[in-house]
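Some notes on the structure that comes next.
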Amino acid sequence: MNKTIAVVRGDGIGPEIMAQALAVLDRVAEKFGHTFAYAEAPIGGNAVDRFGDPLPQASLEACLAADSVLLSAVGGPKWDHAPKEKRPERGLLRLRAGLGLYANLRPARLFGELRDASPLKPEIADRGINFIVVRELIGGAYFGEHSTEKLDGEYYAKDVMGYSEHEIARIARVGFETAAKRRKKLCSVDKANVLDSSKLWRKVVTEIAKEYPDVTLSHMYVDNCAMQIVRDPAQFDVIVTENLFGDILSDEASMVSGSIGVIPSSSLGDGARGLYEPIHGSAPDLAGTDQANPIGMILSAAMLLRFSFGMTEEAATIERAVEALLAEGFRTADTMSAGKTPLGCRGTGAEIRKKI
Ligand code: NAD
């Protein structure tokens with residue numbers, strides 16, 4: 001296959017970890033006979049410095065023209081006090097909206113070799129953590145009406161959490177499709193005992209379930225789900241939930257699986273193009289030191305191959321190489337423990353390439 005990937009190198013450690021991900025993609029292309037072309041799309045603080053805009057029009061167009069988008073991370077102290085429109089994260093929010101990405105998929109997976117990094121007790125972690133949170137990304141309270149007014153001598157603020165049937169149906173389908181490719185269990189999370197938007201959510205998800213007879217659907221209240229993720233995470237395969245609940249649960253889920261440096265994510269809309277990025281930020285404290293962990297970035301590239309290009313075996317090859325590297329005891333500083341062999345960002349990328 002010939003594919004074009006828009007590449008957002010970003011700020012801080014971004015360019016270093018992206019270099020490793022692209023080298024891994026090149027190795028996969030060589031092994032499987034594909035050609036990947038990379039279209040540079042400067043976004044974030046570096047784009048503010050060079051073009052005065054965190055999302056220059058040319059970068060958005062490069063992303064829209066590409067088959068998929070790979071992004072490292074943006075931001076840093078240099079731009080912390082910039083006006084709102086010139087802040088790096090504005091570029092990212094505008095990019096997600098510009099690409100029409102309404103579903104965010106975040107895997108929570110504990111690599112057996114990194115189980116010391118999980119804050120959970122060994123008897124819970126050892127049962128295995130391997131699930132995905134599918135979060136609705138462009139609806140709900142974050143996008144509803146916001147207002148602050150003075151009422152009876154004090155301020156009163158409100159944020160409207162609203163969902164229409166079609167918004168629920170399309171994210172439910174992403175949940176069912178994701179579960180269909182895995183262990184075929186979908187848990188829909190809501191607060192239907194209190195919220196009208198959740199009652200509609202539950203009704204629509206139950207309706208969509210008829211299209212996926214092979215997937216077993218369950219429902220859970222969000223407060224219970226927050227407990228279950230730390231009590232018995234092995235029960236979950238795929239969780240689908242609305243924006244605000246998903247924001248909180250996906251952070252909780254990534255925490256139980258250990259280091260922030262190893263977790264990829266994807267944002268999807270209609271069609272095959274998606275935005276793939278590690279969940280961490282630009283770690284300005286590590287920039288230029290060759291200490292950043294490139295695994296989250298490299299696994300984001302694997303996710304891109306699987307979800308955007310349907311390259312299941314290529315993605316699995318990368319994931320197995322990462323597992324082998326960890327099994328052999330190589331560690332970057334963030335996951336280091338006694339008896340393991342230290343490696344830098346470049347060394348980690350080189351070892352993973354060697355194993356592909
Ligand atoms: P961060 O994720 O960058 O860093 C948090 C901690 O984790 C730091 O100690 C850092 O050294 C460590 N860390 C992160 N990634 C690592 C990796 N790959 N390997 C080893 N250690 C790693 O979060 P922060 O410090 O809150 O934010 C730094 C900057 O990143 C800010 O400007 C913030 O706005 C931005 N940010 C960007 C994104 C994004 O681009 N999606 C997400 C979060 C934060």
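The values are calculated or read from the model by the stated rules, or taken from the named source; none is laboratory data. Owing to the predicted nature of the structure, the values given are computational and were not obtained by experimental measurement. Positions of Cβ are backbone-derived with ideal geometry, glycine not excepted, and every protein chain shown enters the neighbour counts. Heavy atoms of the whole protein, side chains included, go into the accessibility calculation; ligands, DNA and RNA do not. Shrake-Rupley method; radii C 1.70, N 1.55, O 1.52, S 1.80 Å.
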Rounded to whole Hz, the Karplus (6.51, -1.76, 1.60) HN-Hα couplings of the range 189-205, x for glycine and proline: 10, 8, 9, 5, 6, 10, 9, 5, 4, 6, 5, 5, 3, 5, 5, 5, 4
Highest-MSF residue in the chain out of Gly14, Gly274, Gly162 [GNM, Cα springs under 10 Å]: Gly162
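Tally up the carbon and sulfur contribution to the accessible surface of the range 36-194 as a whole percent, 1.4 Å probe, everything protein left in place. The partial results should precede the final answer.
Values: 4050 of 7830 Å².
The value for the range 36-194 is 52 percent carbon and sulfur by accessible area.
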Solvent-accessible area per residue, Å², over the range 119-256 with all protein chains present [probe radius 1.4 Å]: 51
Antiparallel content of DSSP bridges confined to the chain, in %, to 5: 45
GNM flexibility winner over the chain from Gly153, Gly140, Gly310 (Cα, springs under 10 Å): Gly153
For the range 1-94, share of DSSP beta bridges that run antiparallel, in % to the nearest 5: 0
Residue among Gly98, Gly344, Gly175 with the largest mean-square fluctuation in a Gaussian network model of the chain, springs linking Cα atoms under 10 Å: Gly98
Rounded to 5, the percent of DSSP beta bridges in the range 119-256 classed as antiparallel: 30
3J(HN,Hα) from dihedral phi, the range 223-239, Karplus parametrisation 6.51/-1.76/1.60, rounded to Hz, x for glycine, proline: 5, 5, 4, 4, 6, 5, 5, 8, 7, 8, x, 5, 6, 9, 10, 9, 10
Segment Glu123-Lys150, extension gain: residue separation times 0.36 nm, minus the distance between their alpha carbons: 4.5 nm
Integer Hz, Karplus 6.51/-1.76/1.60 couplings in order for the range 79-93, x for Gly and Pro: 10, 4, 9, 5, x, 3, 5, 10, 8, x, 5, 4, x, 5, 4
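Of all accessible surface on the range 201-303 at a 1.4 Å probe, what whole percent is carbon and sulfur? Each step should come with its number before you reach the end.
Values: 2140 of 3740 Å².
With neighbouring chains kept in place, the figure for the range 201-303 is 57 percent.
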Helical contribution to [θ] at 222 nm, DSSP H n ≥ 4, -39,500 (n - 2.57), averaged over the chain, rounded to 500: -12500 deg cm²/dmol
Debye intensity ratio in log₁₀ form over the Cα atoms of the chain, taken at each q of 0.10, 0.13 Å⁻¹: -0.63, -1.07
Under-5 Å amide H pairs with Ala292, H placed in peptide plane, nonlocal only: Cys345
Euclidean distance of C-alpha centroids, the range 45-91 and the range 120-173, integer Å: 25
Extension gain, Ala333 back to Ala82 (0.36 nm per residue minus Cα-Cα distance, nm): 87.2 nm
Where a label projected 7 Å from the Cα of Ala169 along Cα→Cβ would reach, residues of the range 270-302 with amide N under 19 Å: 270-271
Nonlocal amide H pairs with Ser188, under 5 Å, H built at 1.01 Å: Ser218, His219, Met220, Val240
